[in-house]
Structures are given as structure tokens and as C-alpha cells.
Amino acid sequence: MKNFVVKTIANAGALAVAIWLIGNITLEGGSTGRKVLTLILVALIFGVVNFLVKPVVQLLTFPLFILTLGLITLVVNALMLMLTSWLAGVFDLSFHVEGFWTAVLGGLIISVVSWALNMVLPDEG
């Protein structure tokens, strides 16, 4: 359970950095508290998407992974971010990613920041 909370916090932090750096990734809302709650809910959706959908997509794109020497991972991460944006819209959360190339850049930023935060934040063990 502790690991789940740490990963959610890392995802929320990484999403916040992507929102801050990229103008076409938006999180709207009224108060700061509402934005933080929305960010945490989006981080939960992002975590579920990465847990359930990403392994299936990676398995299906394995030949492309070998062919592109891993660069397809950028596309897979972008698709997971776009799926998260779509699901956030379904759940009436004010998170939006505008366009594929924005999602590629956002996925790259989220991957790097999430990795760094997971290295710094405490973990089980």
C-alpha cells in the first residue's frame, strides 16, 4: 500500500511538472485545493492506465521496440498520456493534453521526473 501511495505522489509530481513546462497540457479548476485534488485523481488514472493498458501495448509493439531500438517507448508513453487525458474528460476532470506531439514531449518529461521522484521518495523495503 505504501508503494502505491509513493508511486501516486511521484506521478502527481511528474504530471505537475509537465503541466508547468508545457502550455498545451492543462489542468484547470478553481482553487488550489481543487487543482491538487484533480491532479491526484489524474495521477491515479495515469497509474491505472500504466498498470493495466501499457503492458498489453508494449507486448503488441515488441517487434517495433526491437526495430526502433526502444524509441517506440516514446510513442507508447504519449498514447498512455492521451488515454489518461481522455479518461479524465470522461470523469469530468479538468486535465487535457492537446495533440500527439505535446503528448510525446509530456510523456518524456513525466518519465524523467517520475523516475527521479521514485529515486528520492521512500519506498518499501
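Scanning segment 32-56 for residues that are surrounded by fewer than 16 Cβ atoms within 10 Å (Cβ to Cβ) and more than 14 Å from the chain's Cα centre (by Cα) gives THR32, GLY33, ARG34, VAL36, LEU37, PRO55, VAL56.
Residues in segment 67-123 that are aromatic (Phe, Trp, Tyr) and closer than 20 Å to THR26 by Cα: TRP86, PHE91, PHE95, PHE100, TRP101. Provide a single number: the residues in segment 5-31 that are more than 25 Å from GLY99 (Cβ to Cβ), more than 13 Å from the chain's Cα centre (by Cα) and surrounded by 13 or more Cβ atoms within 10 Å (Cβ to Cβ). Qualifying residue count for the region: 1. Restricted to segment 57-84, and to residues there that are under 30 Å from THR38 (Cβ atoms) and hydroxyl-bearing (Ser, Thr, Tyr), the residue that is surrounded by the fewest Cβ atoms within 10 Å (Cβ to Cβ) is THR73. Annotation: GLY89 fulfils all but one of (1) in a helix (DSSP H, G or I); (2) surrounded by fewer than 19 Cβ atoms within 10 Å (Cβ to Cβ); (3) out of contact with any His (no Cβ under 8 Å at 6 or more places or on another chain); (4) at pLDDT 90 or above; the unmet one is (3).
The values are calculated or read from the model by the stated rules, or taken from the named source; none is laboratory data. This structure is a prediction, so every number in the text was calculated from the model and none was measured. Heads up, the Cβs are rebuilt from the backbone with ideal geometry, glycines too, and the neighbour counts pull from every protein chain shown.
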